[in-house]
Structures are given as structure tokens and as C-alpha cells.
Amino acid sequence: MSPPREVRKVLLLLAAALVTLTGCSTPAPADPPAPAPSAPPAYAGTTAGVTVELVAVGDIACEPGEATTPTTCQQQATADLTTRLDPDRVLALGDLQYENGTVASFAASWAKSWGRFSDRLLAVPGNHEYNTTGAAGYRDYLGAPTHAVVELGTWRVYLMDSNCEQDACAAQIDWLTADLAAHPATCTAVAMHHPRWSSGAHGPQLFLQPLWEILVDSGVDLDLAAHDHDYERFDRLDVTGHTVTGTAAGTRQFVVGTGGKSFYEVREQRTGSQFLQNDRFGVLDLILRDEGYDWSYVDTDGEVLDRGTDTCST
């Protein structure tokens, strides 16, 4: 830290006097180098051992000026719900701003609804953010990294960019695998826009299979996604997408694409899917405890449509 301005003035005067008396030049004390920029405040962790409330949802804000109807553009209602819940962190699961995620659109639509959570926001990009080259609007407006990790209480939560070509996906998988090995935690979660498994219109995302295998084999407890505009909760699934039994390794996936944009039709409910709805906007309210978690899907009227509790697997 630099000395106070008054102290620096005194030091400079003393240095000048020394030059006058000795004829020698004595450099003024140099300021220490500026510290490296820290992560955005939204990605700061929380105190270990503290229970953390995390609200998660994706597919959120309509284009500026698009009319609100009972089945579209309800981003204000989901933001008001989240305000009432008052979580410690807010996790935006991609497709935050339609249609192209430009800075102008973020400023005109997102800012008026979900922008209020900027001090506690965690985010991953969706495919609509990439309708602007390189997701530049998302990066410039939110200052969000492509992938990151944050500690929430005793949980280690990985934020992934699932909009990746093969090489980029492989690089993130390498990063995730190394970090999971280097920082073993009792409870872990991964958040990304695309779901590996889904009964929604987009269906299962096959390109995520290598990543899904890492999640299961590494004992990751939760996979949080969106993309399909519905809410779906899966049981703990193995690498093939089937429910695990006993103490076998398995990861639970939530699809939470109910942030306000619209609803999608759903397909036949997949094996392992335990709850599915596509006509009530709302958010997933997670309570992250030392060795487990509680979940509630809360709609914009405040009604809890789905709830449960589980312990972490590692």
C-alpha cells in the first residue's frame, strides 16, 4: 500500500534537502507495484462452514421492449421472487439476455430486472450470448470469465462454458479434472447452460458425455443447467444416465430454464427424471450445507412445487 499523500510529500521534501546538502541524488521512495486485479466481487467465496442459500435459473430476459404476457417475458416476476427469497448468491444459468446478448440489450432489459443482483451474481454464458461474436456483450457488460470456480461455504462450485468446440471443451475438462483432484471437497457442483440429460424440446446434449463422465467419476453432487425452458429434476444418475442404486457414484442434474423468457414443449419424460413442469416460471432455491443440500422449486406466486434434501456423495 502506498504511504498517505501527506507522508509522501514529507519524504519528497527530505529527499530534495538531501540533494542540496550532499550534491548527491537520492531517488524518492518507489511505490510498490499495483496488486493484480482480483476476481469480480460476485465470484468471491463465502466463509467455510457457513450454510449458503443459492438461487439458480436461466433463460431469463426478453429483448428490450418485448411485451410481457402470462407465458413470456416474466423476467421482472422472477427477479421480484428472487428479491423476496434474498439468497446469498444468484446463479444465472445462461441465455441471460435475448436474443443476442448485446451490451445495449443487457443495459435496457436485464439491468431493469435482474441487474439488481450484480453484487452477488454468478453466471455462465448461454448460446444466445454467443449470437454476439465471442459473447462480447456478456463479457463486457458482466465482466464474467469463461469458466471459474467459487467456494460457497464448504461447497466448491464450478462455472463452465458449455458453448465450446471440441478443443475448448477438452481444455475445460482438463482444467476441471485437475482442479477436482487438487482440491477435494465433500460437496461439489457444476453449473453450465446446456444439460446432458433433458426431457425438454432440445433433448439430451450428447456432446457433453465426456464431461458428464468426469462429473460422475469424480463424485460431483450437482449439475445445474438450463437451455430447455422448463424445470426438471433428475435422480442421481450414472455415466449412462440411469438411476444409481446404493452407494454407487451418481450426479443429480437440475434443468432450470424458467427465468422468464418463455416455455417449451416437453417430450416423454426420460428415465431418471423425477419431476418435470413447463408452465410455471420460477427459480431453484438451494440451501448448501456442510455435507448436503436442500432444494425447492418456487414459482413466481411463491408456491413450492418441488422440494427435497440429500447428502453429498464424497
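The values are calculated or read from the model by the stated rules, or taken from the named source; none is laboratory data. These numbers were taken from a predicted model, which means no experiment stands behind them. Cβ sites come from the backbone with ideal geometry, for glycine too, and all protein chains shown count toward neighbours. Surface accessibility is based on the protein's heavy atoms, side chains included, excluding ligands, DNA and RNA. Shrake-Rupley method; radii C 1.70, N 1.55, O 1.52, S 1.80 Å.
Determine whether ARG120 is within 19 Å of the chain's Cα centre (by Cα), open to solvent by 60 Å² or more (accessible area, probe 1.4 Å) and farther than 21 Å from VAL255 by Cα. Answer is no for this residue.
From the list GLY126, GLY115, GLY101, the lone residue that is without any contact (Cβ under 8 Å) to a residue 24 or more places away in the chain and crowded, with 16+ Cβ neighbours inside 10 Å is GLY115.
Of the candidates THR245, THR258, the single residue that is within 22 Å of the chain's Cα centre (by Cα), of a type outside the set (Gly, Ala, Ser) and part of a loop (DSSP other than H, G, I, E, B) is THR258.
Just wondering, is there one or more residues in region 296-304 that are of a type in the set (Ser, Thr, Tyr) and touching a Leu at 6+ places or on another chain (Cβ under 6 Å)? The answer is yes; a qualifying residue exists. Only one of the numbered conditions (1) part of a loop (DSSP other than H, G, I, E, B); (2) open to solvent by 70 Å² or more (accessible area, probe 1.4 Å); (3) at pLDDT 95 or above is violated by ALA67, and that is (2). The conditions of being more than 24 Å from ARG289 (Cβ to Cβ), surrounded by 23 or more Cβ atoms within 10 Å (Cβ to Cβ) and either modelled with pLDDT under 95 or among the aliphatic types (A, V, I, L, M) (or both) are not met by LEU215. Among (1) within 25 Å of THR82 (Cβ to Cβ); (2) open to solvent by 30 Å² or more (accessible area, probe 1.4 Å); (3) basic (Lys, Arg), there is one condition ARG252 misses while meeting the rest; what is its number? Unmet condition: (2). Among the residues making up region 268-306, those that are assigned to a loop (DSSP other than H, G, I, E, B) and open to solvent by 50 Å² or more (accessible area, probe 1.4 Å) are GLU268, GLN269, ARG270, THR271, ASP279, ARG280, ARG289, ASP290, GLU291, ASP301, GLU303. Applying the criterion of being out of contact with any strand residue (DSSP E or B) (no Cβ under 7 Å at 6 or more places or on another chain) and open to solvent by 50 Å² or more (accessible area, probe 1.4 Å) to the residues of region 147-167, the residue that is nearest to PRO210 (Cα to Cα) is GLN166.
Since ALA201 meets every condition but one in (1) in contact with a Cys (Cβ under 9 Å, 6 or more places away or on another chain); (2) open to solvent by 10 Å² or more (accessible area, probe 1.4 Å); (3) at pLDDT 95 or above; (4) not charged (D, E, K, R), which condition does it not meet? Looking at each condition in turn, ALA201 falls short on (1). Taking each residue of region 188-213 that is under 13 Å from PHE254 (Cα atoms) and outside any loop (DSSP other than H, G, I, E, B) and looking for partners that are open to solvent by 10 Å² or more (accessible area, probe 1.4 Å) and aliphatic (A, V, I, L, M) with beta-carbon atoms closer than 6 Å, six or more apart or interchain, yields GLY200/VAL266.
Which count do you get for residues in region 174-194 that are closer than 24 Å to ASP59 by Cα and open to solvent by 10 Å² or more (accessible area, probe 1.4 Å)? Qualifying residue count, region 174-194: 1.
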